[in-house]
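Reviewing the structure listed below.
The values are calculated or read from the model by the stated rules, or taken from the named source; none is laboratory data. On a predicted model such as this, the values are computed, not experimentally measured, just so you know. For neighbour counting, all protein chains shown are included, and Cβ atoms are generated from backbone atoms with ideal geometry for every residue, glycine included.
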């Protein structure tokens, strides 16, 4: 039988300079270039603002983790949640007349009769248990 090497620790990023990963290095490089351009071409006030804003943002993007995930994935998840929330709540308010009409209508007894339990045979339960235990290989219709 042929053996294969299964990769371990696939979520760990490759390190290039000590504890710095490739992603962190690229983020810091881009932030450093932008800060250098601000130092070279802007006045002192704009340079200090750029240093604080871009430098801080690049440090946060490079090194901060929230719940074990990198900060840019965390921000993407926040944006997705704000754009399309998964919890949908329907706030429907009925008037008193609508509720009275619904209570007095014949729809409620029909739904109660439709939910009546059908008695199950012991053989049917046994066949279902065999079907589950064999992973779908046992067919109750084929057995004699």
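Among the residues of region 59-110 satisfying the criterion of being out of contact with any helix residue (DSSP H, G or I) (no Cβ under 6 Å at 6 or more places or on another chain) and touching a residue at least 12 places away in the same chain (Cβ under 8 Å), which is surrounded by the most Cβ atoms within 10 Å (Cβ to Cβ)?
Residue satisfying both the conditions and the ranking: 70.
Where residues in region 1-16 are touching a strand residue (DSSP E or B) at 6+ places or on another chain (Cβ under 8 Å) and surrounded by 10 or more Cβ atoms within 10 Å (Cβ to Cβ), which of them is farthest from residue 70 (Cα to Cα)?
15
Report yes if residue 56 is surrounded by 14 or more Cβ atoms within 10 Å (Cβ to Cβ) and either on the phi < 0 side of the Ramachandran plot or in contact with a strand residue (DSSP E or B) (Cβ under 7 Å, 6 or more places away or on another chain) (or both), otherwise no.
no
Between a first residue in region 122-138 that is surrounded by 10 or more Cβ atoms within 10 Å (Cβ to Cβ) and a second residue that is assigned to a loop (DSSP other than H, G, I, E, B) and modelled with pLDDT under 85, which pairs have beta carbons less than 6 Å apart while being 6 or more apart in sequence or on different chains?
Taking only residues 6 or more apart or on different chains, the pairs are 127/140; 130/138; 131/138.
Scanning region 28-42 for residues that are in a helix (DSSP H, G or I) and out of contact with any helix residue (DSSP H, G or I) (no Cβ under 6 Å at 6 or more places or on another chain), which turns out farthest from residue 17 (Cα to Cα)?
Residue satisfying both the conditions and the ranking: 41.
Take residue 109 and decide whether it is at pLDDT below 80, more than 30 Å from residue 140 (Cβ to Cβ), outside any helix (DSSP H, G or I) and out of contact with any strand residue (DSSP E or B) (no Cβ under 7 Å at 6 or more places or on another chain).
no
Given (1) in a helix (DSSP H, G or I); (2) on the phi > 0 side of the Ramachandran plot, identify the lone condition not met by residue 98.
(2)
Report, by residue number, each residue of region 17-35 that is over 27 Å from the mean Cα position of the chain (by Cα) and surrounded by 13 or more Cβ atoms within 10 Å (Cβ to Cβ).
20, 25, 28, 30, 31, 32, 34, 35
What residue, of 57, 52, 45, is modelled with pLDDT under 95 and assigned to a helix (DSSP H, G or I)?
That would be 45, the only listed residue that is modelled with pLDDT under 95 and assigned to a helix (DSSP H, G or I).
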